[in-house]
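Below you'll find the structure, written out as structure tokens, and then a few comments.
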Amino acid sequence: MSLIFKWLESLSIDVTITERCSREVSPKSTCTTCMDHCPVEALSIENNRVRHDLDKCDSCGGCITACPVGAINGTVPNRTVKNGMLCYEPHYCPTVKELLIFRKRGIKGISVPSYWQDLEWKKAISEANEILLSLNMQPFFFQKAEEMKEPEMTRRQLLVTAKHKGQSLAKDLAPASWKQNSNAWSLPFYYPDVQFFEASLDREKCSLCKGCFILCPQGVFSVTDAELVIDHQKCPNCRLCEDACPEGAISISENVGESSLSRFSIVEGKCKRCKQTYLSFADDEGGLCHVCTKIPSDWLMP
């Protein structure tokens with residue numbers, strides 16, 4: 001069966017950077033998450049857009065799982081799982097994000113050989129377990145791997161199996177079906193009651209221009225006639241709001257815990273100087289829109 005796995009993984013689709021990429025959404029984006037997780041430098045920035053070098057790519061799938069907004073399409077290589085245990089592989093180390101998602105997919109432990117001393121794996125699992133414990137979830141446990149021989153299959157059995165199962169066989173043996181699902185590697189999707197990041201708003205700087213509302217791909221920010229709401233649970237850490245805010249009023253930080261909302265009362269007023277309507281925080285008594293607050297009082301107004 002090992003030949004089948006190798007054949008399935010050889011059918012991988014070229015990595016594609018989709019329009020969901022924050023650098024496609026706004027030229028102000030500084031996200032480099034995919035490049036930071038590419039061990040062979042197959043990704044680069046050209047004209048503020050991510051470019052993929054197929055000749056360098058080793059199809060590790062690291063960029064796909066790391067992208068905070070699921071903007072990269074492709075096939076993640078099959079990870080060996082036996083009896084609910086993720087098997088240790090020396091050529092690959094899962095990220096903390098991957099481990100947390102694996103836990104939600106039903107993987108409970110790590111199967112390791114008796115000689116196991118991989119510090120990179122140990123560090124990732126330790127950090128994932130720390131988060132799981134903080135969420136009152138069972139951490140990963142370790143189990144010594146047993147020598148397991150792959151079942152033998154005759155040529156006739158192989159052909160019959162391929163004929164009857166076809167595409168369903170490929171989907172069962174390799175996770176290629178995940179490649180078109182933007183939520184396949186999304187922490188907010190798998191943990192709907194947990195926030196991993198927090199979007200902090202500096203009211204003294206915020207002009208309520210609504211730029212972050214429009215650009216945020218996950219709907220973290222919403223506004224009504226009376227309230228601005230920040231839903232921290234939805235934040236995937238793409239930092240597009242932080243990059244694009246013209247006032248530098250937003251900052252993203254790691255904050256794992258129960259999902260929460262930040263609410264700010266807002267009102268619509270009419271500027272005393274330019275007579276235009278504008279949004280402001282409810283306790284703002286200046287009476288001037290954000291533009292007019294920056295204009296000297298002795299300037300002539302039209």
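Every read-out reported here was derived from the displayed coordinates using simple, explicitly stated rules and does not represent laboratory data. In this text, all values refer to a predicted model and were calculated from it rather than measured experimentally.
Backbone phi angles across the range 103-119, fed through the Karplus curve with coefficients 6.51, -1.76 and 1.60 (θ = phi - 60°), yield HN-Hα couplings of 4, 6, 7, x, 7, 10, x, 10, 8, 10, x, 5, 8, 4, 9, 7, 5 Hz in residue order; Gly and Pro are listed as x.
Using C-alpha pairs under 8 Å with a sequence gap of at least 6, the mean separation divided by the residue count of the range 196-294 gives a relative contact order of 30 percent.
Extension gain for ASP202 to TYR115 (0.36 nm times residue separation, less C-alpha to C-alpha distance): 26.2 nm. Each residue of the range 218-225 is assigned a 3J(HN,Hα), and the resulting list reads 10, x, 5, 9, 9, 9, 10, 5 Hz, derived from the Karplus form 6.51 cos²θ - 1.76 cosθ + 1.60 (θ = phi - 60°), x at Gly and Pro.
The stretch between THR80 and GLU130, if pulled fully straight at 0.36 nm per residue, gains 15.6 nm over its current Cα-Cα span. In plain terms, the chain from GLN138 to THR224 could stretch by 27.0 nm, reckoned as 0.36 nm per residue minus the Cα-Cα distance.
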